[in-house]
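Structure first, commentary second.
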Amino acid sequence: MSKTTDPSRRRFLGGAGLLAVGGYPARALARVKAPHAAEMLGPSREVFSFCDMCYWRCGLKIRVRDGRAVKIEGNPEHPNNRGVVCAKGNAGLMAAYDPDRLKFPLLRMGERGAGKWKRISWDEAYDRIAAAFLKAKEQYGPETLAMIGHGTWEKPYHRLAHAFGTPNTTSPVFGLCCGPRDVANQLVAGRPLGGNETLDLENCRYFLMMGRNITESLHNGETLGWVEAVAKGAQVVYVDPRYTITASKAKEWLPIRPLTDHAFLLALIRVMIEERLYDTEFVAAYTLGLEELERRVARYTPEWAEEECGIAAKDIRRIARELAAHAPAALVYSPRRLTRTSNDLGTGLAISILNTLLGVWDREGGIFSPLSFPVPEPDLPPFPHADAPRADGAGVEGVWPLANAQYGLTNQMWSAIAEQKPYPIKLLLTAGGNGFMNSTDFDAIRRAIGQLDFFVAADIAPNEMNQYADILLPEASYLERYDDLQTGGAKEGFVAVRMPAMKPLHDTRDAWTICKQLAGRLGLGAWFPHASAAELIDERLKKAGLSLAELETKGIVKKPADPARNFPREHGLPSVFPTPSGKVELVPSRLKALGMDDALDYLPQVRPQDGEFHFTFGRVGFHTHARTQNNPWLADLMGENELWIHPDAASRQGIRDGDRVEVADRNSRKETLRAKVTRRIRPDTVFMVHGFGHFDPRMRTAHGKGAADANLASRDRDGHLGTVAMGRSLVRVRKL
Amino acid sequence: MTKKYVMLADATRCINCKACVIACRAEWGTPLGHSRDWVREVEMEGPGGMPDLMLLPGRCQHCDDAPCVESCPSGAAYQREDGVVLVDHELCSGCELCVPACPYDARFLNPETGTVSKCTFCQPRIDAGQPPACVGTCVGRALVFGDANDPASEVSRLLQEKEWLRLTSDGVNVGPNHYYHTGGRPLPPEALPKPTTPHVQGRLLEEVVNPLAGAGLLGMAGVFVAAGMKKLLDRRSEVQRQEGGHHD
């Protein structure tokens, strides 16, 4: 990609190079004879896509030269990013050009995980997979297959698994990430606010950020909207044990005691009700349960909360009043990953209740109603009815009824496989993802893999999980393939396309082709009637009055924003809340029916004993989860993580900045890394950036760099949802 | 009217996400270990001992009195009428005299080309009517680029509306065309340009040795021998300077 000319003429100063001086008079003359020749951009074309470097999915224009993707730019028409692209998105080129990629199908030769492989043909791979799948299905029934996916391309694997007849498909998005937040909003308002958050950020005037590190857990359009609001003078109160870049943009940083957000929020609710700060008109017209809520929060005084969470009672009262003064252009901003405590549902409910008391639903500067762009799915035969309940218990009455049955509880699925309960799971199909680094239980995952008859993994790059596969299928990267359409709900409705920017660089195939071909071997071809992903999306688009050819010239087609539908209550129109009662339920009826309304009440969390710390982890703006540490461009920005520790705590342990330290939890799980001594964290808390500590030697850039937070984060659960309570680990730190 | 290109960086909008750094790397194929642009994260102590951060995106400041141009013996470093400071790679010998002359550490020897590389304000892009890669991708829209001589441009409007600082000090003011808005806070000392003693040496070369260039081969050889010697002498001090390097 370098634009300069012949490098061989350089370095004349080195050694004998001085003899080359004779070649320079002409250049000396050229110096006198400026102008200098200006560099020009080379010829190129652009194709449209949407990003796959994280889960926000920004619109892209990819510049192609000589059949190769050379530069990624943002699509200004796309509401998810409005033309800007983060470092991760810009480094997407290196996801394709990564020298460590999976380049052809592999068959395991040695022990699982030993790293001995043989290249095989796609046909042989499919034949072996089909034989193993059909044998296990015969012996154990179709539910013996578990499918764990992570990424855009998981969709056809879900379809393949359901056609096979198993209910056991899962993705970390619920149980390891957003589940509690989405369920809470669903229970209270019937509107989960999941996926791409529908918050009118630009017009918000007051943000109470509950650990939502929006500048580093970064989604372009969301971050940009927030930055715009802050630039226009919106106030930010940032609540987090750690001083992040987001904190540096705030008027106020409140270093709350870890795991006690719920206490702070309950006291805010109490003050808001006690002082009648809430939107009385909205609450009267649209909500149920205020009296019961008032009774339930009566004991959560600001003084009680101060004791629990460390935020002064007077600040709690003041913040409640400030929120109310700015409402409805005020937001209590939930963290996206709300899997921290054993009552994350309570935290999510409190956030949803506060936003309701502030009356921000369907108001400018608050929460908007998104438009959609309906594009019909293809007509497929109904999936065979699965007799067995989900093995992870997600959505199963008597187990985890509130957990999302589409994405399931990935952590519980690993445990179910490890224990072979409630029934044998002998087949595992994974599509992207990395169970080791995105879950919190290495031991359960190793035991689970040990129980399998057959494990097939599909991915574009090596990682700890797929190194245990029996067959490894290499996927084309998102720059090398079509995918299913992106249909979105922002203020605008939209449908966007992903086109290949180049032919696959290696002997890889896209997920749709892989699933279709596998389905053929398994006798499930009826569920994959389209020859290719391109044909699938063309058929879908034609049903919506569009075509692939048209979308390829535009990248995105939008239904314009409609203020009356985005903000009905600004336009004299009613809001709609699809709850059982049709009202916003401050004490959700479904929770009561399940006997789970204790989630509304405070559940005390763990506290460190002498010498222990709360263990926390989080993101930087230029790495995605555990997926990008091997990307050479992003590793150049941060190649390993560090343990953030407060100077007071560090000096007690004799730790200086840059020292190597060992971090150990109460279960003697251990990781080592370098210390970063900084005032940007509470003295009772340590922190590390998520996703490092890779131990797969095939990841040549990331291998052995930094520490795996996943091996220290807690394995506890939220008692109502089954989601992971990752924040409950207490650790000790020792200088090495 | 002649254009006058300037870069504005609003530190209050910068989130140190490094999108600019990677977009630049992607656009210009900069080898790993080097970068044409950077974001400097300065940790400070705020009121009451609380932490405070300032985020300063940076790159070549395209100075009016560019010391790199003065220090370049081959004429490869030059400035266009619109203010953009460029390297003519046909002329650059890779002698690196310009590297220590820059008070902003904006120049480096590209090991792949053997010539000196730096931010060009994305000259090929701006000449084709596109924004610089860093500006186009900037997530917080902290970077704004344009023609300060055009009163209708966004940069002209912003220069009027907000308070802007430049990275200058009592000792070093070479007329940078890169502006910073910090929301009224003073620039931290770490962000200010370093005194460039090497620049004085470069000046000697420029004023004493360079005029020989017109005298043909012998003079040119003299220039380059002197430059080579200087390069060797500079190496030791360069190691020291790199300790404060900010290309992270």
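Readers should treat all values here as calculations from the given coordinates under stated rules, not as data from a laboratory. Treat the numbers as computed from the prediction; the structure is a model and nothing was measured. Cβ atoms come from the backbone with ideal geometry, glycine included; neighbour counts cover every protein chain shown.
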> Once the Cα atoms of segment A:340-493 are picked out, what are the Rg and Dmax in Å?
Replying inline: 19.9, 55
> What is the spread of the Cα atoms of the protein assembly as shown along each of their three principal axes, largest first, in whole Å?
Replying inline: 95, 69, 62
> In nm, to one decimal, how far is the A:D648 label point from the A:R65 one, both placed 7 Å along Cα→Cβ?
Replying inline: 5.6 nm
> Karplus couplings for segment B:181-196 from phi (6.51 cos²θ - 1.76 cosθ + 1.60, θ = phi - 60°), rounded to Hz, Gly and Pro as x?
Replying inline: 10, 10, x, x, 8, x, 5, x, x, 4, 8, 7, x, 7, x, 10
>> Longer than 21 Å from Cα to Cα, which of A:K61/A:K503; A:K71/B:K3; A:K103/A:K503 are they? Say none if no pair is.
In response: A:K71/B:K3
> If the cut-off is 29 Å between C-alpha atoms, which lysines fall inside it for A:K735, apart from same-chain ones fewer than 8 positions away?
Replying inline: A:K670, A:K676, A:K705
> Using θ = phi - 60° and the Karplus curve 6.51 cos²θ - 1.76 cosθ + 1.60, what whole-Hz ³J(HN,Hα) does each residue of segment A:669-686 get, with Gly and Pro shown as x?
Replying inline: 6, 9, 9, 10, 6, 8, 8, 10, 8, 8, 6, 7, 8, 4, x, 9, 9, 10
> So between A:K503 and A:M109, what do we pick up on full extension, going 0.36 nm a residue minus the alpha carbon distance?
Replying inline: 138.8 nm
> Counting only residues 5 or more places away or on other chains, whose amide H sits under 5 Å from the amide H of A:L730 once H atoms are built in the peptide plane?
Replying inline: A:R666
>> Quick check: convex hull over the Cα atoms of segment A:45-97, volume per residue in Å³, rounded to an integer?
In response: 62 Å³
> Over chain A, what relative contact order in percent results from Cα pairs under 8 Å that are six or more residues apart?
Replying inline: 18 percent
> Given labels modelled 7 Å from the Cα in the Cβ direction, how far is it in nm from B:E112 to A:A564?
Replying inline: 5.6 nm
>> Give me, ordered by chain and number, the residues 5 or more places off A:K71 or on other chains with an amide H under 5 Å from its own placed amide H.
In response: A:R63
>> Cα atoms only: what Rg and Dmax, in Å, come out for segment A:613-735?
In response: 14.4, 42
> Please state the relative contact order of segment A:45-97 as a whole percent: Cα pairs under 8 Å, 6+ residues apart?
Replying inline: 30 percent
>> On a 31 Å Cα-Cα criterion, which of the cross-link pairs A:K249/A:K491; A:K559/B:K4; A:K426/A:K543 come out too long?
In response: A:K559/B:K4; A:K426/A:K543
>> Please list, ordered by chain and number, the residues whose modelled amide H lies under 5 Å from the amide H of A:F687; skip anything fewer than 5 residues away on the same chain.
In response: A:T616, A:W644
>> Per residue of segment A:384-399, what does 6.51 cos²θ - 1.76 cosθ + 1.60 with θ = phi - 60° give for ³J(HN,Hα)? Whole Hz please, x for Gly and Pro, Karplus curve as stated.
In response: x, 5, 7, 6, 7, x, 4, 5, 8, x, 5, x, 8, 4, x, 10
> Which of the helices in chain A meet the span-like rule: DSSP H, Cα axial reach of 18 Å or more, Kyte-Doolittle mean at least -1.0?
Replying inline: A:122-140, A:261-274, A:313-326, A:344-357
> Given labels modelled 7 Å from the Cα in the Cβ direction, how far is it in nm from B:Q160 to A:K314?
Replying inline: 4.5 nm
> Near A:K155, which lysines are there with a Cα under 17 Å away, not counting those fewer than 8 places off in the same chain?
Replying inline: A:K516
> Near A:K314, which lysines are there with a Cα under 18 Å away, not counting those fewer than 8 places off in the same chain?
Replying inline: A:K251
